[in-house]
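Just below is one structure, and these are the notes that go with it.
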Amino acid sequence: MRCANYYSPAVPSPRRKARGGFTLTETALAMVIVGTGFMGGMELFAACAAQNHSATQGTAARMLGDNIREAMAGLSFVDPTATALKWGPEAGETLAGYDDVDDFDGLTFNPPIDAQRTPVTQLSQYTQKISVMPVSPDEPCGNLNEAAPTLPKGAYTGAVRVRVKVLYQRPGSTTPEEVYSTSWIRADN
């Protein structure tokens, strides 16, 4: 028999609980994304630190090369007191008394010196090596091979090439490496 006005309440369906967190897969994926970004940032940091060290090293080396140029800037081309041309420092001359350009030939400074010829002990990992080679004013790019020069040292040509090599010895290393080299031509007035 059928009841016309019979109302049967609907049976409540079981409700799903609202999620309150991440699944294990979502957490693992988030960790991979964050870890990749973090590692990329660390690699960038390491590259920037290495580049900064290299730039600092290059700046110090350029400064040390320029110090030699400045130390030689006011010097005579030939010794003003010598009666005969002598290559290199004259007998009894010391660094403070060098009075001509060729006095600096063959010198190595460690610690390096500044423009006033004072040792810079804070930069003792750097070394300055200086060579002075005669060149022909007509061919300033000649006489480049210091081991086998085409013009012997001491030959008066009216011009010389001064070359400064700056070496750097890394901590823990036994051999310094060249990090900068500069050269210039100096002519007799």
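The values are calculated or read from the model by the stated rules, or taken from the named source; none is laboratory data. Because the structure is predicted, anything quoted here is derived from the model rather than measured. Virtual Cβ from ideal backbone geometry, glycine too; neighbours counted across all protein chains shown.
Output the residues belonging to the range 53-102 that are surrounded by fewer than 14 Cβ atoms within 10 Å (Cβ to Cβ), polar (S, T, N, Q) and assigned to a helix (DSSP H, G or I).
SER54, THR56, THR59
Are any residues in the range 143-189 farther than 18 Å from ASP102 by Cβ, in contact with a strand residue (DSSP E or B) (Cβ under 8 Å, 6 or more places away or on another chain) and small (Gly, Ala, Ser), and if so, which ones?
Scanning the range 143-189 gives a single hit, SER181.
When the residues of the range 175-189 are filtered to those that are over 20 Å from ASN143 (Cα atoms) and at pLDDT 90 or above, which remaining residue is farthest from the chain's Cα centre (by Cα)?
THR175
Mind checking which residues of the range 150-177 are closer than 20 Å to VAL78 by Cα and not hydrophobic (A, V, I, L, M, F, W, C)?
Within the range 150-177, PRO152, LYS153, GLY154, TYR156, THR157, GLY158, ARG161, ARG163 qualify.
Find the residue count for the range 69-112, including only residues that are over 16 Å from GLY154 (Cβ atoms), acidic (Asp, Glu) and at pLDDT 90 or above.
Result for the range 69-112: 1.
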